[in-house]
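Asks: Pasting in a structure now, in structure tokens, and then I'll have a few things to ask.
The values are calculated or read from the model by the stated rules, or taken from the named source; none is laboratory data. Values in this document were obtained by computation on a predicted structure and should not be read as measured data. Neighbour counts are summed over all protein chains in view; Cβ atoms, including those assigned to glycine, are modelled from backbone coordinates with ideal geometry. Note: areas computed on protein heavy atoms with side chains; ligands, DNA, RNA excluded. Shrake-Rupley method; radii C 1.70, N 1.55, O 1.52, S 1.80 Å.
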Amino acid sequence: MKVELEADKCVASGQCVLAATDVFDQDDDGIAILLDERPADENLDGVREAVAICPAAAIRLVDQ
């Protein structure tokens, strides 16, 4: 699985970071940063949660 983040759509809510701290972080302006585009299986539930709760729909999980 691969994570895709459209940082230009990010509204800096930080929900992704709370859901998957090993996969997402925020820059000084609060914009999401993708730390790991191919997260380990144990992090996928958090990524799925981040995808579901992102208010800007800026995160996708694609099967690759």
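Asks: Among D29, D25, which is the only one that is more than 20 Å from D63 (Cβ to Cβ) and in contact with a strand residue (DSSP E or B) (Cβ under 6 Å, 6 or more places away or on another chain)?
Replies: D25
Asks: Just to verify a result, which residue in the stretch 1-22, among those that are acidic (D, E) and closer than 20 Å to D63 by Cα, is most open to solvent (accessible area, probe 1.4 Å)?
Replies: D22
Asks: Which members of the stretch 23-38 meet the condition of being in contact with an Asp or Glu (Cβ under 7 Å, 6 or more places away or on another chain) and open to solvent by less than 60 Å² (accessible area, probe 1.4 Å)?
Replies: The answer is V23, D36.
Asks: Of everything in the stretch 18-64 that's touching a residue at least 40 places away in the same chain (Cβ under 8 Å) and small (G, A, S), which residue is farthest from K2 (Cα to Cα)?
Replies: A56
Asks: If Q64 satisfies all but one of (1) modelled with pLDDT of 95 or more; (2) on the phi < 0 side of the Ramachandran plot, what's the number of the condition it fails?
Replies: Checking Q64 against (1) modelled with pLDDT of 95 or more; (2) on the phi < 0 side of the Ramachandran plot, the one that fails is (1).
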